[in-house]
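The values are calculated or read from the model by the stated rules, or taken from the named source; none is laboratory data. Given the structure is predicted, the values throughout are model-derived calculations rather than measurements. Using ideal geometry, Cβ is built from the backbone for each residue, glycine included, and neighbour counts are taken over all protein chains shown. Side chains included, ligands, DNA and RNA excluded: accessible areas come from the protein's heavy atoms. Shrake-Rupley method; radii C 1.70, N 1.55, O 1.52, S 1.80 Å.
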2 protein chains.
Amino acid sequence: MPTRPASDLTTHLGYWLRFVFNHVSQAFARKVEAQGVTVAEWVLMRQLLDEEALAPSILAARMGMTRGAISRLADRLIAKSLLLRAADPEDGRAQTLALTPTGRALVPGLAALADANDAEFFAHLTSDDRAALFRILRGIVEQRGLASPPVD
Amino acid sequence: MPTRPASDLTTHLGYWLRFVFNHVSQAFARKVEAQGVTVAEWVLMRQLLDEEALAPSILAARMGMTRGAISRLADRLIAKSLLLRAADPEDGRAQTLALTPTGRALVPGLAALADANDAEFFAHLTSDDRAALFRILRGIVEQRGLASPPVD
DNA sequence: CTCCAGTAGTTGACTAGGAAACTATATCGA
DNA sequence: TCGATATAGTTTCCTAGTCAACTACTGGAG
């Protein structure tokens with residue numbers, strides 16, 4: 001016996017945000033996984049593309065994951081020969097992560113998949129709507145001072 | 001040595017969608033978890049609020065999760081005495097899931113948290129922007145014929 | 001110098017979900 | 001009415017995160 005109506009979830013912008021985001025991200029996951037790479041792996045590799053090498057802790061902060069997660073994620077990429085881990089010559093505690101040539105060669109193709117995925121979901125919008133969506137989302141980020149886009 | 005620029009991720013609407021969504025959903029997760037409930041548990045309970053009882057397979061479809069995940073999620077809610085599982089009298093294979101009175105009593109408070117969370121992230125927008133965001137997101141859902149909002 | 005608080009990274013224990021195998025029941029067709 | 005096939009739910013195994021404990025190193029205060 002239903003009690004009182006408890007506000008309709010579908011009136012929440014968060015509901016629709018989740019709905020759209022989940023489809024966008026699952027579609028992208030299928031695309032990159034067809035290339036043998038997970039989304040998290042892609043994000044890490046993309047970070048390294050224009051950086052030569054980065055410390056795991058920097059990647060953790062940028063990707064919004066724990067250092068532990070980055071440690072294991074790096075292990076998986078190393079096992080696939082897409083990444084190299086090396087001791088930092090200047091700090092005995094630190095490690096550096098860098099793409100292998102194979103890893104680096106893989107990134108542009110994955111970036112193309114990211115472009116294709118974005119187009120798949122947003123290209124049909126009018127350019128006004130695309131601009132509005134862009135502006136509103138960025139506005140939320142700025143207004144609330146959000147940082148470090150989490151991967152999860 | 002950075003190679004070619006591989007399109008900037010931040011030009012992707014999917015990037016900003018993820019960014020905003022992750023913050024919205026993590027903020028909500030913190031709120032409901034302070035009440036001893038996970039987001040998935042809340043979503044399941046909310047589904048049952050206006051339904052009396054539902055089959056696990058229906059919940060799986062509505063929540064975009066596998067039947068296996070629903071089976072375990074139900075176990076957890078049952079362990080918290082928020083849910084009851086009963087054999088369907090009309091089909092020996094089927095089960096029905098229903099809120100306990102305790103579970104039912106918990107939902108409105110959680111719904112209020114959902115309202116508060118939505119307000120926290122979207123209330124500062126102009127009403128035009130809120131309407132535009134709503135219209136654009138729903139448009140994407142409809143234009144692409146998306147269904148069953150996945151929880152993950 | 002030496003010690004000690006702080007930092008970098010890894011690891012173990014745990015959680016939550018997916019895929020697929022499995023059990024039990026239902027339904028359809030000959 | 002019996003057997004084949006389909007369906008509902010559970011369970012096993014796996015993946016990928018978190019949190020917190022741990023190891024090793026650094027760098028400053030005395």
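Some notes on this structure:
- Segment B:15-143: relative contact order as a whole-number percent, Cα under 8 Å and 6+ apart: 24
- Accessible carbon and sulfur surface of segment A:3-87 relative to its total accessible area, %, 1.4 Å: 56
- With protein chains left intact and a 1.4 Å probe, residues in chain B average 48 Å² of accessible area per residue.
- Pairwise Cα inverse-distance average, inverted: Kirkwood Rh of chain A (Å): 17.9
- By the rule of a C-alpha distance below 14 Å, with chain neighbours fewer than 8 residues away ignored, the aspartates and glutamates paired with A:Lys31 are A:Glu41, A:Asp115, A:Asp118, A:Glu120.
- Computed over protein heavy atoms with a 1.4 angstrom probe, the accessible surface ordering of B:Ile136, B:Ile78, largest first, is B:Ile78, B:Ile136.
- Longest DSSP-loop-exposure-free segment, GluC sites (Glu not before Pro), chain A, at most 16 other Cβ within 10 Å: A:91-152
- Separation between Cα centres of segment A:5-38 and segment B:14-70, rounded to whole Å: 12
- Whether segment B:60-108 is rounded, prolate or oblate, judged on the alpha carbon gyration tensor where a/c under 1.5 counts as rounded: oblate
- Buried accessible area, chains B and A (both chains, 1.4 Å probe, Å² to nearest 100): 6400
- Relative to the Cα centre, the charge distribution of segment A:21-117, modelled as +1 at Lys and Arg Cβ and -1 at Asp and Glu Cβ, gives a dipole magnitude of about 360 debye.
- Shielding by partners - mean other protein chain Cβ count within 10 Å, residues of A:127-137: 4
- Unit charges on C-beta of K, R, D, E only; dipole of the protein assembly as shown, Debye: 440
- Along chain A, longest interval not containing exposed trypsin sites (Lys or Arg not before Pro), exposed being DSSP loop plus at most 16 other Cβ atoms within 10 Å: A:1-79
- By a 1.4 Å probe calculation restricted to protein chains, A:His23 has an accessible surface near 30 Å², given to the nearest 10.
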